[in-house]
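Right, one structure below, let's go through it.
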Amino acid sequence: MTSLTTATGPTGPGVPVVNEVVGVPGGIGEAARTARADALDAWLRRLLPARPGVALVAVGGLGRRQCAPYGDLDLVLLHAGVAGVDELAASLWYPIWDAGLRLDHSVRTVAEALSVAQDDVKVALGLLDARHVAGDPALTDQLARTATDHWRRTAIRQLPGLREITAARWEAHGELAFLLEGDLKEAAGGLRDVGILRAIATAGVTDALRPAVHAAHRRLLDTRDALHQQVGRRVDRLLAQERDGVAAQLTLDEGDALLRLVAGDARTVSHALDDAWRAADRLRSGRHRAAPGRPLRRPVARDVVEQDGELVLARTAIGARPDPSLSLRIAAAAATTRLPIARATCEWLAAYCPPLPTPWPPAARAALTTVLGAGPGLVPAWETCDRYGLVDGWLPEWTRLRSLPQHNPVHRFTLDRHLVQTAYEASRHTRDVDRPDLLLLGAFLHDIGKGLPGDHSTVGAPVAEAVATRIGLPPAEVALIGTLVRLHLLLPDVATRRDLSDPKTIAGVAERVGDTGTLDLLHALVRADAAATGPAAWSGWKGRLIADLVARVRTTLDTGVVPAPPAPDPALVAGPLPVVHLGEDRVAVAAADRRGLLATVAGCLALHRLEVISADAATVDGRALVECRVQPRYGLAPDPIALGADLRRAVGGDVSVIQRLRGRALAARSRGAAPRVVWHREAATDAVLLELRAADAAGLLYRVTCALDEAGAQVRAARISTLGGDVVDAFYLVGGWPPDEQRARIEAAVLAAV
């Protein structure tokens, strides 16, 4: 479609228009959308010559009079079997295309349109928006009335097919409420789902379009209007680079405020659609009926019964003064039975359930543990309670956490959903720990410090302890919850950034953890946190590193003795040089002792598109040994024969290989934020730790190790930790703490190499 231009005339000077030929005004809001529909209607009427038995019908956005600045036109040329309709259609469609408008069109009789709708549920939904634009209004009226009547008679049979289509769309586009760059139309909770709600309401299944849904729909439409105007073309995915501009057009302070607004509206739409699907299921199956008009009620838990596939309160619970733990107990019943809570019950609880005292009564505390440990039933039960404001009554901190974006690309969820998802993932590990209840609560609270100033692990610990105290845990368990929050990143950080063969590394972790029970809880929490974060947060190699660290720390805690470093690979310390061993994720090299061998090996691996995860260098009996753990950089495994040949030539000093390495390294230099070097004085037994924080790039390890070698620093080990587009690379430099001048020289060399 054509880009936005500025025109004068009826819309006023300086008002953006979508198309100069058509004169469709831009702008945001319901009035602007209506004005666009009016302008398009007037222009289309001029294109269709007066002729009996022909009508131009709008569906889609124009049919609903909800035209986006760069929306498509969905038109049906309806006719009563008149001659020359194809020529008439061509005379209509070509001017629309010439005007630069995107067009979805069809030419049909009323019977043909209804026949297609009978076979295609998406067409049936589209005809519910049919609106007369030009020509014979009787034809349009016949189509609209018949299509609506047919939908009302057949909707219950067609909704299962529509639900399958919708689920496939959700699978492809995700949930709008939890995405940083969601599709406003196609993602779950987006504009497409509002159309389904409208169709279900038209069928009379339920009052799907309640005021909250109408308000959410208007805001989502406004957001799409602003996105179109920001980008200058039709686009429905709210990308990060457009977020602040769209927020400004909607008079919001920042892009995060926009994300939270969109998330809230998407949740409203999703919840309404969940209710509508359940209403359709009940209407279609007529299940749980003991007699006509008489629902069957089945006790599920204290004060909770099932009725028509939903959970409602027992009559005794409604009649008496409500127990403050009632809302948590019905949430626990919903999570464990995986049955939804009836809307009327949620509304009653929000209005009449008294607040929980401090500390909580045991029944409320037990119910929260049950909810968090319910597995697959946790997320839907929690979302329902959050929808009606019940969670805010349990946890006042939740208002700050709700829909808070997490901008690290490894995260797939907003913060609130991440916490709930982590508790769900932790329920898979409850049999691995002595205190499964504390694992669930620690998982649920581990990131509660995000959004506050400072390191979220540090600032989150006292917040989590305050929650645990309010819930009613004894002081020792409150302190343990604080420890889990404070140390929840300890194991992955140490495993991926430190030398696990260094006794000082193991002793330091053992000292901070304190006992094996806490170690087991942290290990389970790490796995749950990674699974809840997303696929990029975990790998088999990372899991093995953490498991190795846990095993070594456990030995230290059990025996008081730090495990000795592993002995060198015997295959590397015998036989003629050079020695090259290639494994699935391991590359080991032995060569004549010389400086720069680690840099040469790292560069050769980069040349073959291998990322180095860890590297160790040692000298044994005059042999220089280098062992690296690797993974393909782009998922493409290198040719092992070519890799082995290059390694042998490179470590043997072949000049041609070295030149290739240097040329490739120069071409691969990264761009991004300024890199940073951090020194750690007491982190290693016989070395000083230099930590480089920089943007990731191919060949980075080669360049940095070359720079360190040229600056006179000897690298004993390296650990590479990739976080999205950034890396934290730790280098163990042999020797004591260098003087200020030498430290400055090494740091300058490293930064210049990056």
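The values are calculated or read from the model by the stated rules, or taken from the named source; none is laboratory data. Fair warning: this is a prediction, and the values are worked out from it, not measured in the lab. Every residue, glycine among them, receives a Cβ derived from its backbone with ideal geometry; neighbour counts consider all protein chains shown. These accessible areas exclude ligands, DNA and RNA; they are computed on the full protein's heavy atoms, side chains included. Shrake-Rupley method; radii C 1.70, N 1.55, O 1.52, S 1.80 Å.
Details
- Residues of type lysines that Lys185 reaches as a straight line, Cα spacing below 26 Å, ignoring anything fewer than 8 places off in the same chain: Lys122
- Along its first, second and third principal axes, ordered by size, the range 294-365 spans 40, 24, 18 Å in Cα coordinates.
- Net charge of neighbours whose Cβ lies under 12 Å from the Cβ of Asp41, counting Lys and Arg as +1 and Asp and Glu as -1: +4
- Ordering of 598-606, 182-190 by packing [mean C-beta count within 10 Å, highest first]: 598-606, 182-190
- Accessible area (Å², per residue) of the range 530-648, counting only protein heavy atoms and a probe of 1.4 Å: 46 Å²
- Cubic angstrom per residue, convex hull over Cα atoms of the range 465-516: 74 Å³
- Selection from Ala332, Leu143, Pro25 lying farthest towards where the dipole of the chain points positive, charges on Cβ: Leu143
- Each of Leu701, Val657, Ala531 was placed along the dipole of the chain (beta-carbon charges, centred on the mean Cα), and the one lying farthest toward the positive end is Ala531.
- Radius of gyration over Kirkwood radius for the range 356-501, both on Cα atoms: the Rg/Rh ratio is 0.96.
- Under-5 Å amide H pairs with Gly135, H placed in peptide plane, nonlocal only: Leu56
- In this rough spin-label picture, where each label sits 7 Å from Cα along the Cβ direction, the Asp207-Thr337 distance is 2.5 nm.
- Anchor Lys450: aspartates and glutamates whose Cα lies under 19 Å away (excluding residues fewer than 8 positions away in-chain): Glu254, Asp256, Asp392, Glu397, Asp416, Glu465, Asp493, Asp529
- Residue-averaged 222 nm ellipticity for the chain, from DSSP H runs of 4+ at -39500 (n - 2.57), nearest 500: -16500 deg cm²/dmol
- C-alpha center-to-center spacing [the range 322-362, the range 466-495] in angstrom: 26 Å
- Kirkwood Rh and Cα Rg combined as Rg over Rh, evaluated for the range 231-383: 1.10
- Between Arg315 and Tyr94, the simple label model (points 7 Å from Cα in the Cβ direction) yields a spacing of 7.5 nm.
- Projected onto planes of every orientation and averaged, the convex hull of the alpha-carbon atoms in the range 482-571 covers 6.4 nm².
- The chain - charge dipole about Cα centre, Lys and Arg +1 at Cβ, Asp and Glu -1, debye rounded to 20: 1120 debye
- Cα pair distances exceeding 51 angstrom across the chain, given as percent: 33 percent
- Per-q log10 I(q)/I(0), the range 21-115, q = 0.18, 0.19, 0.20 Å⁻¹ (Debye; single scatterer per alpha-carbon; no solvent): -0.82, -0.90, -0.98
- Surface composition of the chain: carbon plus sulfur atoms contribute 53% of the solvent-accessible area (1.4 Å probe, protein chains only, all chains present).
- Sequence-separation-based contact order of the chain, relative, with Cα cut under 8 Å and 6+ spacing, percent: 7 percent
- Extended-chain gain in nm, criterion 0.36 nm per residue less alpha-carbon gap, Ala536 and Val734: 68.0 nm
- DSSP finds beta bridges in the chain, and of those with both partners inside it, around 90 percent are antiparallel.
- The reciprocal of the average 1/r between distinct C-alpha atoms defines the Kirkwood hydrodynamic radius, which for the range 182-232 equals 11.6 Å.
- Rg/Rh (Cα only; Kirkwood hydrodynamic radius) as it applies to the range 581-664: 0.94
- The aspartates and glutamates within cross-link reach of Lys504, meaning a Cα-to-Cα straight distance under 12 Å and a gap of 8 or more places when in the same chain, are Glu682, Asp686.
- Residues with amide H under 5 Å from that of Leu73, placed H, sequence gap 5 or more: Arg102, Leu103, Asp104
- Computed from backbone phi, the HN-Hα couplings of the range 408-417 come to 5, x, 6, 7, 9, 10, 5, 4, 4, 5 Hz, rounded to whole numbers (Karplus: 6.51 cos²θ - 1.76 cosθ + 1.60, θ = phi - 60°; Gly and Pro given as x).
- Pairwise Cα inverse-distance average, inverted: Kirkwood Rh of the range 151-260 (Å): 15.0 Å
- Karplus-based coupling profile of the range 567-583, in residue order and whole Hz: 6, x, 4, x, 5, 8, 9, 9, x, x, 9, x, 10, 10, 10, 10, x, with θ = phi - 60° in 6.51 cos²θ - 1.76 cosθ + 1.60 and x standing for Gly or Pro.
- Part-to-part distance (alpha-carbon centres) for the range 113-140 and the range 533-597, which is given in Å: 67 Å
- Peptides 136-145, 164-173, 65-74 ranked from most to least packed give 65-74, 136-145, 164-173, packing being the mean of other C-beta atoms within 10 angstrom over each peptide's residues.
- A simple count of charges around Leu692, restricted to other residues whose Cβ falls under 12 Å of its Cβ and scoring Lys, Arg +1 and Asp, Glu -1, yields 0.
- The range 698-706 - phi-based ³J(HN,Hα) in whole Hz, Karplus 6.51/-1.76/1.60, Gly and Pro as x: 5, x, 4, 4, 4, 5, 5, 5, 4
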